[in-house]
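Each remark here refers to the structure printed beneath this line.
Nothing in this text is a laboratory measurement; each read-out follows from the coordinates by a stated rule. None of the values given here were measured: they were computed from a predicted structure. Every residue, glycine among them, receives a Cβ derived from its backbone with ideal geometry; neighbour counts consider all protein chains shown.
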Amino acid sequence: MRRARAAGRRRAARQNVKPRGRAGLGRRLLVAPVAWILRTLARITWRIGWRVSLIATIAVACTVLLYAAALPPLPDIVDARSRGSVTLLDRDGAVFAWRGEQFGGTITPDSVSPHLKNAVIATEDKRYYRHFGISLRGIASAIRINLQEGRGPFQGHGGSTITQQTAKLLCIGKRYTPETGMSEAAFEADCRRTTLGRKVWEAVYALAMEARYSKDEILTIYLNRSYLGAGTRGFEAAAQRYFGISARDVGPAEAAMLAGLLKAPSRYAPTANLQRSRDRAATIVRLMEEQGYLSASEAAHARKHPARLSSAAAARAGGYFADWVMDLGPHFLTRDTTEDVVIRTTLDRGVQAAADKALQFIFDTRVREGSKAQAAIVVMSADGAVRAMVGGRKVKGVAGQFNRAVQAKRQTGSAFKPFVYGAAMETGIRPHTQVRDEPLCLDVRGSGKWCPDNYSREYKGVVTLEEAMAESLNVPAVKVYNRVGRDVVVRVASGFGINADAAVGPAMALGTVESTLLDMTGAYAGILNGGSSVVPYGMVDLRIKGDNAPLFEQTGGAGERVISEPAARQLVYMMSRVIEVGTGTRARLPDRPAAGKTGTTQAARDAWFIGFTADYVAGVWMGYDDNTPLTGVTGG
């Protein structure tokens, strides 16, 4: 039966065969050579391809082995800083600011909190312990996401493993040298560039690292070299900087916040924007929960109780003061140090906080919204130890950190008058000496007729110098200046630290002399100090971290005598009347005596007040950077 069916099928097949004509023959003649060519190309491609692949594989393997052999010992590449750090301590020895690059010390995956290690792996490379340095799945996923978001395949998401990121941190083995013709910042920026060629070399270097180091050793490099914002290198420095604790003591909330900084350290730094940093940390907590590193209750607790900054990090006190102190010492020990340096300063954080709060209150309640008016504050002890400094306020559209307390030279106005009256007291004139306040015109050489006027446009007639100082009368000050002589006034002002050599003519008595707020406050400290000069200072000593012997010390106190003690006492009495009954009554204190002087320059471009008690000297300046006149503001 089967044979019969098979024979039937063969007969049917023969009946269905079409006769071979010329068309069929032509097709066969065309197809046969093409097929032969394709088969030949395939054989050639295969023969060449596997050889090329073998050669490429051998070349990559050799390169990997060469890189691996050249990789330095682990301790040599843990600290990534190009220069040292500066830690600034206040007068009580507490840290209030950092400069340079902070490195808290070497840590390992075993020495840090398990939460921190898990947060880093959950965030950056969840298959870290299961791959050989590169993740093809991660790269493909990153390329797909980048293309979907309209970017280039290697722009945006990198798909890099922790090993590849570590290779980038090491700049694929390149070290900075000045011979490159680039700055260190430009060199680091170049190392962070993402191109196809660089990604290939990162992958090769990552394979070399996997061949040379263990997984935990690679993670050690990563944990120590990563930049985490606010000048911190490594998770130990970041934990200390932001939370005041070691990396071994961080909990889930702190670990999530630290791991969240890896994506964009400056953007997510909690000192820059705490809420943004917490939002990022919440994402990390979710990843840790999804990957089994946190239980549901632990994740809920971390979200409910987000990380808090330490008091030092949250305060961000004394930024202007810290920058000023950094310029006081030798730059090779401050700005350009290759060592870790500790500077003990004169800052009093309580006084600094009060100064910051006072400035904020004034601009919140007394200055119209949107105003670009600026102000500066300096507070110091009688010996010149600066306790607080405010160099300005943040104003929209004004860039940079310009310290108006030490960098802005402004006309001093009537705040200069104590040096005129101090010169008078030194020459034997007394506070009760009388002078007539009346219209006055003088012929000034090179300028013609000059007629000083009082701020009120009124004249008081016969007044004592004590009254003239209290009411800040201009005509009596000019008359005293002419009586004493320019040279004596210049000598007294210069002795107290105010360079008056450039000022000419009797208008000097009304404050055409320019000075910084710091120098003016220091000059008033000299008056308080019994008539001897005082040099403001903010650095107490500087030492290498871990070394108790100071490399640099600075002290204050009285310097050279400028005016006699009796003259200084009389001047202080006259200045006390300014606050008791004169233009400075708003500065009167209910429980202690005070003295000072107000000052307003021509057209109210500058407003000054500098005053003192037995404990402190405080100076305040207000004005516009572009010399726009103030409206409704005087030194009083």
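Can you work out the FRET efficiency for the pair Ala296 and Ser494, with r the C-beta to C-beta distance and R0 = 60 Å, to the nearest 0.05?
Plugging the Cβ-Cβ distance into 1/(1 + (r/R0)^6) gives 0.25.
Taking Cα pairs under 8 Å and at least six residues apart, what relative contact order does the stretch 77-314 come out at, in percent? The partial results should precede the final answer.
Working: 351 pairs, mean separation 58.5, N = 238.
Averaging sequence separation for qualifying contacts and normalising by length gives 25 percent for the stretch 77-314.
In nanometres, what is the gap between the two model label sites at Trp450 and Arg569, each 7 Å from Cα along Cα-to-Cβ?
Going by the 7 Å Cα→Cβ label model, 3.5 nm.
Run the simple label-point estimate for Ile245 and Arg436 please: 7 Å along Cα→C-beta, distance reported in nm.
It works out to 7.8 nm between the two label points.
Just rank His432, His131, His115, fewest to most, by other beta-carbon atoms within 10 angstrom.
Placing the least packed residue first, the sequence is His432, His131, His115.
Students often get this wrong, so check it: of Lys168/Lys545; Lys174/Lys199; Lys174/Lys215; Lys417/Lys597; Lys117/Lys215; Lys357/Lys394, which have C-alpha atoms separated by over 18 Å?
Where the Cα-Cα span goes over 18 Å, the pairs concerned are Lys168/Lys545; Lys174/Lys215.
Calculate, for Thr427 and Phe402, the FRET efficiency according to 1/(1 + (r/R0)^6) with r their C-beta to C-beta distance and R0 45 Å; round to the nearest 0.05. Mind showing how you got there, number by number?
On the way: r = 40 Å, r/R0 = 0.88.
E(calc), rounded to 0.05, equals 0.70.
Using a 10 Å cut-off around each Cβ, can you sort Asp541, Asp625 from fewest to most neighbouring Cβ atoms?
Going from least to most buried by this count: Asp625, Asp541.
Would any residue of the stretch 574-606 have its amide N under 17 Å from a label point 7 Å out along Cα→Cβ of Thr631? List them or say none.
Zone members listed by number: 603-606.
Could I have the simple spin-label model distance between Arg137 and Phe552, label points 7 Å from Cα toward Cβ, reported in nm to one decimal?
It is 5.5 nm.
For Asp437, enumerate residues with amide H under 5 Å from its amide H, sequence gap 5+ or separate chain, H modeled in the peptide plane.
Lys460, Gly461, Val462, Val463
Using 0.36 nm times the number of residues separating Arg457 and Glu560, minus their current alpha carbon distance, what extension gain do you get?
Taking Arg457 through Glu560 to full extension adds about 33.1 nm, to one decimal.
Once you list every other residue whose beta carbon is under 12 Å from the beta carbon of Asn273, what net charge do they have if Lys and Arg are +1 and Asp and Glu are -1?
+3
Nearest 0.05, what FRET efficiency do Val581 and Thr271 give at R0 = 60 Å with Cβ-Cβ as r?
Numbers: r = 47 Å, r/R0 = 0.78.
Calculated transfer efficiency: 0.80.
Between Tyr624 and Ser371, what length comes free when the chain is fully extended (0.36 nm per residue of separation minus the Cα-Cα distance, one decimal in nm)?
Computed gain between Tyr624 and Ser371 is 90.1 nm.
Order of 545-556, 87-98, 563-574 by packing, highest average Cβ count within 10 Å first? It would help to have the intermediate numbers written out before the result.
Numbers: 545-556: 12.9, 87-98: 17.4, 563-574: 19.1.
Order by mean packing, descending: 563-574, 87-98, 545-556.
Among Tyr320, Tyr213, what is the fewest-to-most ranking by other Cβ atoms within 10 Å?
Ordered by Cβ neighbours within 10 Å, fewest first: Tyr213, Tyr320.
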